[in-house]
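Working notes, structure below.
Read the figures in this text as sums done on the coordinates, not as results from a lab. Because the structure is predicted, anything quoted here is derived from the model rather than measured. Counting neighbours? That spans all protein chains shown, and the Cβs are built from the backbone with ideal geometry, glycine included.
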Amino acid sequence: MPTAGVIPKSAAMSRDFHLWLRSRRAAARKSRLAASSHAAACSPGPAGLSHAYPFDPRYGHDLQSLCAIEPPLPPEGFAAFWQERYQRALRIDPQPRLAPSQHRLQGFCVFDLEYASTEGFPVRGWLLWPTSRVARRGFVLGHGYGGIESPPSDLPCDDAVYVVPCFRGLSRSRRWPISDDPNYHVLHDIHLRDRYIIGGCVDDLWTGVTALLQVAPHTAGHVGYMGISLGGGVGALGLAWDGRIERAHLNVPTFGNQALRLVLPTVGSGVAVQAFAQQHPQVVETLAFYDAAVAARFIQQPMHVAAALFDPAVAPPGQFSVFNAIGGRKDLFVLTAGHFDFPQRVQEERRLQAALKVFFAPL
């Protein structure tokens, strides 16, 4: 019988983990029922916004204090762990397969895409090929934890090939026994450093770059990455080791400053991680190797980061920890809020898209 608060070993560990998941599902159902029976008092947000969260999604910070947050230091063996993992992913032949897609996107021919990632995992998504311009560069796009059911239309370059993978276990890459519920997906094999699902998602990014270069080899030397939320955190973890990616944009990146992520009040998948860590404190040893802010210390490419002053799902201190850790050229686009709707959101997104066109122009 495992000791309370200690991660069990081997088969016992796996059994204990999945028993815990079942108990969490039951607790989550009760929590949703309870939450629907009352409304929280509204509190002022940035620029006069109001919210109903029982905590301050600004966490007491302003832009100046967020930019002063010190990112965490890497644990021993961090770089070696990721470099070895990257080399393993490079040895994969993804064998990308394309088929006509039912989706339509002005200016692009849309293909359904499938390629093999590490451990033979079939990653599905889309490939977008420009129809009005000569394809001279390429991008891999990383989606958020809400998943993605169709290719995005807000693209910065109309002369680029876009690979849009659905990370393993999510959306078009759903596969048993991985849950596509973010609250459980984020916990999949979290007790095993070498098998944690987030590492697999980083593998999917790297093999996605390989797939892009197989389909469009002329884009070599002109490859970019854009990732939001989950895709932002996965991007930070992957960019540090992949020199094939020339420049990148991260939007409200998650997994930054895991020590803060475990203690700051939040909503979404972060709550599940906090609850699991309370019962199994040794999981911090895994999370230390999946800290996007630690990985950002190793990023050398020019970077563009959109970080929010207010965000109930991905705490701004974690987002800014990622930005602050980047030692090379970096541009900051300050968002009013992330994972939260507000009246000026559409106009702000348009300004962000304009900034990305400028940032990726040299690619």
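Relative to the present Cα-Cα distance, how much length would full extension add between Gln353 and Arg175 at 0.36 nm per residue of separation? Before the final figure, lay out each step's value.
Values: separation 178, 0.36 × 178 = 64.08 nm, distance 3.33 nm.
Result: 60.8 nm gained on full extension.
Pull up all non-local amide H partners of Lys330: gap of 5 or more, or a different chain, and H-to-H distance under 5 Å with H placed in the peptide plane.
For Lys330, the qualifying residues are Met303.
About the Cα centre of segment 291-363, what is the dipole size in debye to 20, counting +1 per Lys and Arg Cβ and -1 per Asp and Glu Cβ, all else neutral?
Here the size comes out at about 280 debye.
For a quick check: with amide H placed at 1.01 Å from N, whose amide H comes under 5 Å from Arg137's, ignoring anything fewer than 5 positions away on the same chain?
Val161
Rounded to the nearest 0.05, what FRET efficiency do Glu119 and Ser50 give with R0 = 56 Å and r taken as the Cβ-Cβ distance? Could you check? If you can, show how the numbers build up before the last one.
Working: r = 46 Å, r/R0 = 0.83.
Calculated transfer efficiency: 0.75.
Please list, ordered by chain and number, the residues whose modelled amide H lies under 5 Å from the amide H of Arg247; skip anything fewer than 5 residues away on the same chain.
So Arg247 has HN proximity to Tyr225.
If each DSSP helix of 4+ residues adds -39,500 (n - 2.57) and the sum is divided by the residues in the chain, what number results at 222 nm, nearest 500 deg cm²/dmol? Spell out each step's value before the answer.
Numbers: 12 runs with 126 residues, N = 363.
That calculation yields -10500 deg cm²/dmol at 222 nm.
Which one of Pro57, Leu105, Ser132 has its Cα pushed farthest toward the positive end of the charge dipole of the chain, where Lys and Arg give +1 and Asp and Glu give -1 at the Cβ?
Leu105
Multiply the residue separation of Gln278 and Cys67 by 0.36 nm, subtract the distance between their alpha-carbon atoms, and state the gained length in nm to one decimal.
Gain on extension, Gln278 to Cys67, equals 73.1 nm.
Taking the Cα centre of segment 72-191 as the origin and placing charges on Cβ (Lys, Arg +1; Asp, Glu -1), which of Ile190, Gly120, Gly144 is farthest toward the positive end of the dipole?
Result: Gly120.
Ratio to report: Rg/Rh of the chain, with Cα atoms as the point set and Rh obtained by the Kirkwood method; give two decimals.
Taking Rh as the inverse mean 1/r over Cα pairs, Rg/Rh reads 0.95.
Which order do the peptides 170-181, 151-162 take when ranked by the mean count of other beta-carbon atoms within 10 Å per residue, highest first? List each step's numbers first, then the result.
Working: 170-181: 16.1, 151-162: 18.2.
The peptides rank, most packed first, as 151-162, 170-181.
For the ranges 192-205, 212-225, what's the packing order if you count other beta-carbon atoms within 10 Å of each residue, average per peptide, and put the highest first?
192-205, 212-225
Using unit Cβ charges (K, R positive; D, E negative) and no other charged atoms, how large, in debye to the nearest 20, is the dipole of the chain about its Cα centre?
The dipole of the chain has a size of about 520 debye.
Which value, in debye to the nearest 20, gives the size of the charge dipole of segment 86-237 about its Cα centre, when Lys and Arg are +1 and Asp and Glu are -1 at the Cβ? The partial results should precede the final answer.
On the way: 14 positive and 14 negative charges, 47 e Å.
Computed charge dipole of segment 86-237: roughly 220 debye.
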